[in-house]
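Q: A single structure is presented below for examination.
Quick note: the coordinates plus some simple rules give every number you see, no bench work behind them. Note that this is a predicted model, so its numbers are computed, not measured. Using ideal geometry, Cβ is built from the backbone for each residue, glycine included, and neighbour counts are taken over all protein chains shown.
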Amino acid sequence: MEIALVGLVAVFFAVAVYLLLSKSIIRMLLGIVVIGNAVNLVLFTAGRLTAEVPPIIPAGEYVPLAGSANPLPQALILTAIVIGFALFAFLLVLGYRAYQELDADNTDTMRLAEPEDAPRPPLSY
Amino acid sequence: MASPYESLDLPPAMIESATPAADWVVVWPVALALVGAGLLVMLRGRRDMQVAFAAAFVAAIVVSNIYLVMRVFEAGPLAMTMGRWLPPFGISFAADMTGALFSLAASVSALVVVFYAQSEIDSREHRFGFYPLLLLLLGGVCGSFLTGDVFNLYVWFEVMLISSFGLIVLGGRKVQLDGAVKYGFLNFLATSFFLMAIAYLYGLTGTLNFADLASKADDLPLGAMLTVAALFLFAFGMKAAAFPANAWLPASYHTPAISVSALFGGLLTKVGAYAAIRVLMVVLPEGRLMLEPVIAAVALATMLLGPLGALAQTNIRRAIGFLVIGGIGALFAGLALGTQHGIGGAVLYATHSILTLTAFYLAAGVVEKMSGTQDIRLMGGIYAANAPLSIVFVVLVFAVAGLPPFLGFWPKLLLVEGGVRAGQWFLVAGLLLNSLLTLMAASRIWAHVFWRNGPEGERSEQPNTMLRALTGAEKRYALGSTVVLVALIVVLGLFPNWLFTASGMAGFDMLDPTRYIDAVFAEVNRP
């Protein structure tokens, strides 16, 4: 099970890196989503996968049964998903606004903050 | 009827006695910032109350940070664990001198910016929540400095990130959107790598608490430790804008309002540097040792490329952005040394850098208001028009380059001494060259903006007719608050003794985190 997830994570990362290397903002946004999910799966796998026993303490017991699932990575992933979703929503709106205002989905033509024809360094002291 | 839990032995898992009231000061800065931000969102229609409340809350954060620093001075590191669970099960907040000092410097900078912002933040930006976002940003920064849990650190990073997203697009000019796209994507990527490093660290050790990690991470297999340390270094280096992951900073920091630029330049990159020092010194000291050549190379390149970039700029804000990067190089040089002098020097440098670079951006903002442009080539003659501003600016030029007797000199002294003692001559040369190049870049800005009569070109010897005088409000808020911050920098530079003691303590606790661990586990170890 772990091996399969590790393989999936590797595929996700490859896809994400490929998409993030694109010039197009919309592809980069998709890359961001994929890399976020890849990282969440890493977190999930790092917590060990023991799926058979739910992490609930049965009546009359004081500790969880042996071999029960680890609830902490799930709490961590939940937090990470919420945060990642909020940031992604912001980036999505930002990308759309940038497309509207700058008329560019191509990072090569987004040179307002760093103009391409920047003046040469001043030579006088 | 007897409780079914009577036979259960609670103490090993639960905190029995409440944390002493005085120790709650660890969470005050964060709690005040979050409550203040919430309150200001509710009052978003009331412009007059926004400013007063924001100033009151940030002032209260400064006061609690001062108290925190004093407590840490007397009693050593402080800790508090949430939700009655004993550490490492509950989430701990823990402040040693490093965290407390950074948090104090950050809140002082933010307080100055609150006053400065009144000269330029218009009512539309007020309505869109400049002050709530500022408080959230400060809460995220202080939380990052004071938390004692690595996943919690990630959460504070994100609090800081999302509020900085809000601040950078506030106003919505085209150039801001362009800058925000680059800032947003690359910072999101950095935090993703940070989270992945946390995942591996958790998978290897089974804990997230810094103090608990410090005692467990030593037993890790070397290869795994090196991988995790390298991932952390990459993530934090990107956050801190260290070479080669620095390109986002000069692309974005000059685009928002100057108050926002000042906050970002002063506060945000230092959080990345702080996290790198905390994780690599306390949690993974052996990983840091193995990565030392890499960190040294990164530090050297960052120290040289920062001021060289500044030298090539004609935009005043972008030039300062490159100076921010140069300072990050000095911080990583301290981390590469990893000795008492190195870490102490890095802590002192960060304190200096938070205050000085905020002030530098603010002073540049006043210059921009007078000349109506960001282009250094079109400026000139401000010495004649506003002599006090030129003195403030020249003090900052000397402070940022590290000339005595200003604040920037003392951390450089510590770092150079540490480098000489460790025999790291490349780093020593880099630090000294960094100072020289920074001095050249910054003093040339001063010469062009203040000393030269008029703009570049044929009319450079004639008086500059483009300048306008500052209005009353601009004099009071913009120039006034900049002067106050610069005065603080001068006083701290003239009387650096307590800062030396404090940074010495900070370095000591980073190198040997026994006191930090004891503070976090005080409740567990109580007989």
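Q: Can you sort A:Y18, B:Y383, B:Y361 by how many other beta carbons sit within 10 Å, fewest first?
A: Least crowded to most crowded, the residues run A:Y18, B:Y383, B:Y361.
Q: Could you give me the ³J(HN,Hα) list for region B:133-141, computed from phi with Karplus coefficients 6.51, -1.76, 1.60 and θ = phi - 60°, whole Hz, x at Gly and Pro?
A: Using θ = phi - 60°, the values come out as 5, 4, 5, 4, 4, 5, x, x, 5 Hz.
Q: Give B:K174/B:K239; A:K23/B:K182; B:K239/B:K369; B:K216/B:K239 a once-over and call out the pairs whose C-alpha atoms are over 20 Å from each other.
A: Exceeds cut-off: B:K174/B:K239; B:K239/B:K369; B:K216/B:K239.
Q: What order do you get for B:K182, A:K23, B:K239 when you list them from fewest to most C-beta neighbours inside 10 Å?
A: A:K23, B:K182, B:K239
Q: A follow-up question, please. Quick check: the angle from helix B:269-278's long axis to the longest principal axis of chain B, C-alpha only, nearest 10 degrees?
A: For B:269-278 against chain B, the angle is about 30 degrees.
Q: Multiply the residue gap between B:N525 and B:Y67 by 0.36 nm, knock off their C-alpha separation, and tell me the result in nm, one decimal place.
A: 162.2 nm
Q: May I ask you to evaluate 6.51 cos²θ - 1.76 cosθ + 1.60, the Karplus curve with θ = phi - 60°, for each residue of region B:90-100 and list the ³J(HN,Hα) values in order in whole Hz, giving x for glycine and proline?
A: x, 7, 9, 10, 9, 10, 9, 4, 4, x, 5
Q: What average count of beta carbons from other chains do you get within 10 Å of the Cβ of residues in B:196-202?
A: Neighbouring Cβ atoms belonging to other protein chains average 6 per residue here.
Q: Could you name the aspartates and glutamates whose alpha carbon sits less than 18 Å from that of B:K475, not counting residues in the same chain fewer than 8 places away?
A: B:E120, B:D122, B:E368
Q: Still on this model: How are the Cα pair distances of region B:21-525 distributed, in percent, across 10 Å bins from 0?
A: Answer for region B:21-525: a P(r) of 4, 21, 32, 27, 12, 3, 1, 0 percent.
Q: Among residues other than B:T191 whose Cβ falls under 12 Å from its Cβ, what is the net charge (Lys/Arg +1, Asp/Glu -1)?
A: It works out to a net charge of 0.
Q: Could you tell me which of rounded, prolate or oblate describes the protein assembly as shown, using a ≥ b ≥ c as the square roots of the eigenvalues of the alpha-carbon gyration tensor, with rounded for a/c under 1.5 and, failing that, prolate when a/b is larger than b/c and oblate otherwise?
A: Because a/c hits 1.5 or more and a/b exceeds b/c, the protein assembly as shown counts as prolate.
Q: Quote the FRET efficiency, to the nearest 0.05, computed for B:A384 versus B:T471 with a Förster distance R0 of 22 Å and r equal to the Cβ-Cβ distance.
A: E between B:A384 and B:T471, to the nearest 0.05, is 0.70.
Q: Among B:F243, B:G329, B:L396, whose Cα projects farthest towards the positive end of the dipole of region B:21-525, with charges put on the beta-carbon of Lys, Arg (+1) and Asp, Glu (-1)?
A: Farthest towards the positive end: B:L396.
Q: For chain B, find the longest principal axis of its Cα atoms and tell me its angle to the long axis of helix B:47-75, 0 to 90°, nearest 10.
A: 50 degrees
Q: Applying 1/(1 + (r/R0)^6) with R0 = 25 Å to the Cβ-Cβ distance of A:A75 and A:Y96, what FRET efficiency is obtained, to the nearest 0.05?
A: Between A:A75 and A:Y96 the formula returns 0.15.
Q: Using only alpha carbon pairs under 8 Å that are at least six residues apart, calculate the relative contact order of region B:48-117 and give it in whole percent.
A: 38 percent.
Q: May I pose another question? Subtracting the Cα-Cα distance from 0.36 nm times the residue separation, let me have the gained length for B:Q462 to B:M14 in nm, one decimal.
A: Working it through step by step, the gained length comes to 153.7 nm.
Q: Using per-residue counts of other Cβ atoms within 10 Å, averaged over each peptide, order B:271-280, B:169-178 from highest down.
A: B:271-280, B:169-178
Q: Next question, about the same structure. Taking other Cβ within 10 Å of each residue's Cβ, how do B:H352, B:H341 sort, fewest first?
A: B:H341, B:H352
Q: Moving to a separate point now. Check which residues have an amide H placed less than 5 Å from B:T147's amide H, if you skip close sequence neighbours.
A: Counting only residues 5 or more places away or on other chains, the set is B:A94.
Q: Per-residue mean of other chain beta-carbon atoms within 10 angstrom of the beta-carbon, peptide A:106-113?
A: Average neighbour count from other chains, rounded to a whole number: 5.
Q: Oh, and also: Can you run phi through the Karplus equation (6.51, -1.76, 1.60; θ = phi - 60°) for region B:454-463 and list ³J(HN,Hα) in whole Hz, with x for Gly and Pro?
A: Karplus-based 3J(HN,Hα) across region B:454-463 equals x, x, 4, x, 5, 8, 5, 8, 8, x Hz.
Q: OK, next. Can you pull the mean other chain C-beta count within 10 Å for peptide A:1-8?
A: The mean count of partner-chain Cβ atoms within 10 Å per residue comes to 0.
Q: Rounded to the nearest 500, what is the 222 nm mean residue ellipticity of the protein assembly as shown from helices alone, with -39500 (n - 2.57) per DSSP H run of 4+ residues and division by all residues?
A: -22000 deg cm²/dmol
Q: On to the next question. Expressed as an acute angle from 0 to 90° and rounded to the nearest 10, what is the orientation of the C-alpha long axis of helix B:150-169 relative to the principal long axis of chain B?
A: Roughly 20 degrees, rounded to the nearest 10.
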